[in-house]
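Since every read-out is calculated from the coordinates, none of them should be taken as a lab result. Small disclaimer: the values here were computed from a predicted structure and weren't measured. All Cβ positions, glycine included, derive from the backbone under ideal geometry; neighbour counts span all protein chains shown.
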Amino acid sequence: MSKKTSHHDAEHDSKPKEKSSDLLTHPSYEELMQQLGEAEQKANQYWERILRMQAESENAQRRNERDVANAHKYGLEKFAFELLPIVDSLELCIVSVPKDLEKAADSIVDGVKLTLKMFYTAMEKFGIQQVNPINQPFNPEFEQAISMQVDTTVAPGTVISVLQKGYTLNNRLLRPALVTVAKGENE
């Protein structure tokens, strides 16, 4: 029996004994600090990316809200622009009645005036305003000068006639007023 035991002990002795320090190897302090620095750098990069994505998302949302608001506010622009020649024609009808037919056309002119009044009311309801700057200083934002004419009864730069009224939609120019502007004699 002792032989078996000694043979068994010999087997154990032939294997190199592992040290407990070999089983538990730890990275050095410098390696750990480097790994921590890299992890912090990645975390900061991800955080910055998240903040950037959040800002882009908020900007896109604000842009979409503004686009929807503008669509509501200016959605009538093309339609309103198509109505302007009709209003122009009705206005021209009123001022173009021949003198010899004024009495006979009186009821027709009254009907056209009422129709125009309804047009103006409907247009104002939807934010369409008329630009009719007669006797006002010329404003190039809303008016287009077709000609200049000497007129000493008003200050130079004053609109003395409106050839075609202009219109705005919610303060955005649809069509400029076509005007004649006064100039001084020496200009």
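Computed from backbone phi with θ = phi - 60° and the Karplus coefficients 6.51, -1.76 and 1.60, the 3J(HN,Hα) list for region 57-66 is 5, 5, 4, 5, 5, 5, 4, 5, 4, 5 Hz; x is used for glycine and proline. For Arg49, neighbours were defined as the other residues whose beta-carbon sits under 11 Å from its Cβ, and their charges (Lys and Arg +1, Asp and Glu -1) total 0.
A straight chain from Ala104 to Gln34 at 0.36 nm per residue would run longer than the Cα-Cα distance by 15.1 nm.
Residues in region 80-85 carry Karplus couplings, in order, of 4, 4, 6, 7, 4, x Hz; the curve used is 6.51 cos²θ - 1.76 cosθ + 1.60 with θ = phi - 60°, and Gly or Pro positions show x.
If the segment from Asn139 to Glu56 were pulled out straight at 0.36 nm per residue, it would be longer than the present Cα-Cα gap by 25.9 nm.
Each residue of region 95-105 is assigned a 3J(HN,Hα), and the resulting list reads 8, 9, 6, x, 4, 6, 9, 4, 5, 6, 8 Hz, derived from the Karplus form 6.51 cos²θ - 1.76 cosθ + 1.60 (θ = phi - 60°), x at Gly and Pro.
In region 75-183, Rg over Rh equals 1.03, where Rg is the alpha-carbon radius of gyration and Rh the Kirkwood radius from pairwise Cα distances. Multiplying the residue separation of Asn44 and Arg63 by 0.36 nm and removing their Cα-Cα distance gives an extension gain of 4.0 nm. Residue pairs exceeding 23 angstrom between C-alpha atoms, taken from Lys125/Lys165; Lys113/Lys165; Lys78/Lys125; Lys78/Lys165; Lys99/Lys183; Lys73/Lys125: Lys99/Lys183. The ratio of the alpha-carbon radius of gyration of the chain to the globular-protein estimate 2.2 N^0.38 Å is 2.70. Centroid-to-centroid, using Cα positions, region 74-126 and region 137-187 are 22 Å apart.
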